[in-house]
Every structure is written in C-alpha cells, then in structure tokens.
Amino acid sequence: MKKIVVVGGGYAGLKSVVLLQKKLKEKVEIVLVDHNSYHYETTRLPEIIAGEKSYTKISYPFADVLNDKMTKFIQDEVTLIDYENKKVKLANHDDFSYDYLILGLGFVLGTFGIEGAEEFGMPMHSVDTALAIRDHIYAQMKHYRDTKDPKALNIVMCGGGFQAIEISTAIAENRPRFAKMAGGIDPNEIKVYAFDGSPRLLPMFDENQTKYALELIKNIGVEIINPAKIQKLTADAIYYKMNDDDENAEARKIEANTKIWMMGFSGSPVIAKSGFDQRRGRIMVDDHLTVPGHEEIYSLGDVSSVMVPGKKWPWPNTAQLALSMADYAAEDLTARIKGKNRPAKYTYKDLGVVVAVGDNHAAAYALGHNYRGRLASIMKKMIVDKSLMETGGIKETMAVGRFDLYH
Ligand SMILES: Cc1cc2nc3c(=O)[nH]c(=O)nc-3n(C[C@H](O)[C@H](O)[C@H](O)COP(=O)(O)OP(=O)(O)OC[C@H]3O[C@@H](n4cnc5c(N)ncnc54)[C@H](O)[C@@H]3O)c2cc1C
C-alpha cells in the first residue's frame, strides 16, 4: 500500500488530505503531520489579534475531518525533509518514510536584517503569534491604566501588504474595547500606524479602488506612513525615514511599545534547511506542482511558486492559490496511484482579491469588477464559508463559519 505523507495541515495540506480520502477510499495510507492538533484559518487571524474571538472560533480539530481507517495524525514539528532517502524528520518522533510527500508548511516572516526587528518586532504568522500580540496589547492597555505611559497606547504595524492592512484595521476598529481596559480613555487616544516602503499601497487594485480603500483605512483610524524605510526598532520606539528625506537627516521616531512585524514573507524555513532548490523558502514547481527532479514531492501553497503565464513573476501566495493547488495535486496524485492518465498541466484561475477593512467593510476586485462596502465584506465572509465547507464540511462551517453578514 502506498504511503502519502502530508506535512502541514493548513489550507493546502488539509484540503489535499480531505480530497485524497474521498478519491482513494482506503487504497492508500495517509499521514498528516502538524505541530498543532487543529487546522486554523490563517486569513482570520486578525479576528483573534483584535480580541474579537477565541482561536477556537477560527479553527477546528484535525480529528473531526480525518478518516481514521486510512489517515493517521502525528502532532509534531517537522524539522527536515531528507528527500534523497524519502524520509521526514520530526522533533519528537522517529524519522519516517513516504512514497509521496505533500509539502504544505506555510509562511514565516523575515527581518531584512533591520536592527531590533528580531528582538522588538512581534511577528504574526500563526495562532500562537496572534495570541501573543493580542495579549501584549491587552497588557499595554493595563500598563497605561496604571502608569499613564503614552507609549503604551501607540501600536505600530511594520508592513503595508493587504494582510498587514487587515490586521491593523481590525485593531483600530476595536479601540473602544481596548480603551475600556486602559481605564475608560477616549478610543482616539489609541493610535495605530502602518509603515510601508512602497509609494503605492494595495497594487492589486486600480487607482480608484485603492483611493477608496485608503479612505476606509483612514476612517477606521489607521495612519499609513509611506513610502518609508524602517531604520530600527527599540523596546519603546520605531525609527524611520521617509523615502524623500535627506539621507543625512536624522531618523524620525514614533514612540510605541507595540510593534507588529508583517514584512519579509517567505516559505517555511524547513524548505531551505532541507536543501531544496528554492528562493525565500518557495520551490518553483513544475507543471504538475511537483518538485523538479523529485516527482514524488508536491509543494503547495506558501512553500511554492507558480509563474503567471507570459509574465516574469509568480502568482502572489494566497489561500485561494493554496486551495486550488490542493485540488490539482489530489487529482494528479489519485490518477498516478490508480494508474490513470494524469490531468493536463496545472493552471490557476485567479478569482480576485477582497481586502477587509475592519469587520464590516472591504474593497474587492473580482472577475473584472470592483466591489465596495458591505457587499465586499459579505463576499469576504462567504469566501471563508465556502472554504470551510469544502475542507471541513457542514459541521465545521456551522461551528466556525461567518454568518454575521448584515451586522
Ligand atoms: C492576516 C492574513 C490575511 C490573509 N487574507 C487572505 C485572503 O483574504 N485571501 C487569501 O487568499 N489569502 C489570504 N492570506 C494568505 C493566506 O492565509 C496564505 O497564503 C495561506 O494560509 C497559505 O496556505 P498554506 O496551506 O500554504 O499554509 P497555512 O494555511 O499557513 O498552513 C501551514 C500549516 O503548516 C503548519 N506548520 C508550519 N510549520 C510547521 C512545522 N515545521 N511542523 C509542523 N507543522 C508546521 C501550521 O501549523 C499550519 O497548519 C492572508 C494571510 C494573512 C496572514
């Protein structure tokens, strides 16, 4: 019996497992490895950071969707892929072998060597890091209540990508709750800043839609500082220069005890450490989403790169792309195991992007049209439910789905 090992139970990994369970019906042995016992929806981490929800409301146990007749779950840290010997190395279990391997280990963040980023920036790439940021903000509000230290009220987001925007606007929207913790202050005393290096935020939108989104972001209470270059972080400040500042000018400074780090997106460090041919933790996969020279390994989601046809750049790594890759990999692998014709090469149909600005506003570009306001926000929530339905089924959709469409 062939053994399929899936490392990482995020969008790409878990959807692959669920589809393979359906398509191969106990003809194979599947092993899923993840360091958590649950699948979480990465796109919904802003809901946790802003303190709106417990992490159990954006996650569900793997056990709920695994068919224990054919799939075994191992909770552990993947440390290395020994692809020459077809083995996976784990922190706390013996090495084990595979016939086919699916890599779905997701993303981490890099610091670009910026001074103090490692020490004083709080990276956001998982449930644990999201909870740490939430708890830090709570602690700072209480610190303000007790000391009146103004630095405790300033929250800085290092990064202006759409993921960083979603987090900073979720925080800004929840300032009234934070203000109560700080002793009942005016919520406007809590300042949220987002730094970005490029002159043009949200480049996936046309100019009009970007203008609209920036207005929403400003109204919700996030001050965007761009184009700016972060110089250094300290325990209680961020130092930066605007791109057009004189190079000899002194760095500008904002005093802030909370600095969230959302820059330098790269694939899991396990990819580079294992010796794969990669760039920033992402493997440039072939037409069947497998690793060139290692057809038994699929690399999906944020640990992969797929070129946009006719362009010199890859598709941005998104949950949408990860889920589409999982669909294809499950179909391709099923055909190989059943000895049938493999599907034609992988192609990706980008359906667009929805950027949430707080819980009830969004800006979207989908299938050639711009969408705004409540409609765009409803689209975002329905996308969450669709993905939950496809991977988790009705039970998980009912348990953690978004049904708050009109409030
Ligand atoms: C705030 C935010 C908002 C976003 N919004 C959107 C959006 O609106 N639309 C969109 O399409 N995309 C969005 N994205 C991007 C999207 O979340 C990612 O592209 C997507 O999660 C990638 O899926 P994946 O399966 O590759 O990895 P993930 O879903 O991140 O899963 C990785 C899995 O691997 C596990 N893991 C990692 N390392 C190890 C290890 N060493 N050992 C064991 N297990 C490990 C993790 O526990 C996790 O279960 C957003 C991202 C963020 C951060």
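The values are calculated or read from the model by the stated rules, or taken from the named source; none is laboratory data. Bear in mind that the values here come from a model prediction, so they are computed numbers and not experimental data. Here the Cβ positions follow ideal geometry from the backbone for every residue, glycine too, while neighbour counts run over all protein chains shown. Accessible surface areas use protein heavy atoms only, side chains included; no ligands, DNA or RNA. Shrake-Rupley method; radii C 1.70, N 1.55, O 1.52, S 1.80 Å.
Numbers for the structure displayed
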quantity	calculated
Single condition Ala63 does not satisfy, out of (1) assigned to a helix (DSSP H, G or I); (2) among the aliphatic types (A, V, I, L, M); (3) under 30 Å from Lys180 (Cβ atoms)	(3)
Tally of residues being open to solvent by less than 80 Å² (accessible area, probe 1.4 Å), away from the ligand (no atom under 13 Å from the Cβ) and out of contact with any strand residue (DSSP E or B) (no Cβ under 7 Å at 6 or more places or on another chain) across the stretch 294-327	1
Any chance Leu20 is in a strand (DSSP E or B) and surrounded by 24 or more Cβ atoms within 10 Å (Cβ to Cβ)	no
Residues of the stretch 30-82 satisfying the condition of being within 10 Å of the ligand (Cβ to nearest atom), more than 18 Å from the chain's Cα centre (by Cα) and of a type in the set (D, E, K, R)	Asp76, Glu77
Selection from the stretch 362-385 of residues that are in contact with a helix residue (DSSP H, G or I) (Cβ under 9 Å, 6 or more places away or on another chain) and either open to solvent by less than 50 Å² (accessible area, probe 1.4 Å) or within 14 Å of the ligand (Cβ to nearest atom) (or both)	Ala362, Ala363, Ala364, Tyr365, Ala366, Tyr371, Gly373, Lys380, Ile383, Val384, Asp385
Test: residue in the stretch 153-166 that is more than 30 Å from Leu367 (Cβ to Cβ), open to solvent by 70 Å² or more (accessible area, probe 1.4 Å), over 24 Å from the mean Cα position of the chain (by Cα) and away from the ligand (no atom under 16 Å from the Cβ)	no
Pair list, Cβ under 6 Å, 6 or more apart: the stretch 103-131 residue more than 10 Å from the ligand (Cβ to nearest atom), other residue part of a loop (DSSP other than H, G, I, E, B) and open to solvent by less than 50 Å² (accessible area, probe 1.4 Å)	Gly110/Gly264; Phe112/Gly264; Ala117/Thr111; Glu118/Thr111
Candidates Asn92, Asn85, filtered to the one that is away from the ligand (no atom under 12 Å from the Cβ), part of a loop (DSSP other than H, G, I, E, B) and open to solvent by 60 Å² or more (accessible area, probe 1.4 Å)	Asn85
Any hit, the stretch 165-179, residues being assigned to a loop (DSSP other than H, G, I, E, B) and charged (D, E, K, R)	no
Yes/no for Glu77 being without any contact (Cβ under 8 Å) to a residue 60 or more places away in the chain, of a type in the set (Asp, Glu) and under 24 Å from His288 (Cβ atoms)	no
Residues of the stretch 27-60 satisfying the condition of being open to solvent by 20 Å² or more (accessible area, probe 1.4 Å), part of a loop (DSSP other than H, G, I, E, B) and among the acidic types (Asp, Glu)	Glu52
Any chance Leu80 is modelled with pLDDT of 95 or more, open to solvent by less than 40 Å² (accessible area, probe 1.4 Å) and more than 17 Å from Asp385 (Cα to Cα)	no
Given (1) under 20 Å from the mean Cα position of the chain (by Cα); (2) open to solvent by 70 Å² or more (accessible area, probe 1.4 Å), number of the condition Lys180 does not satisfy	(1)
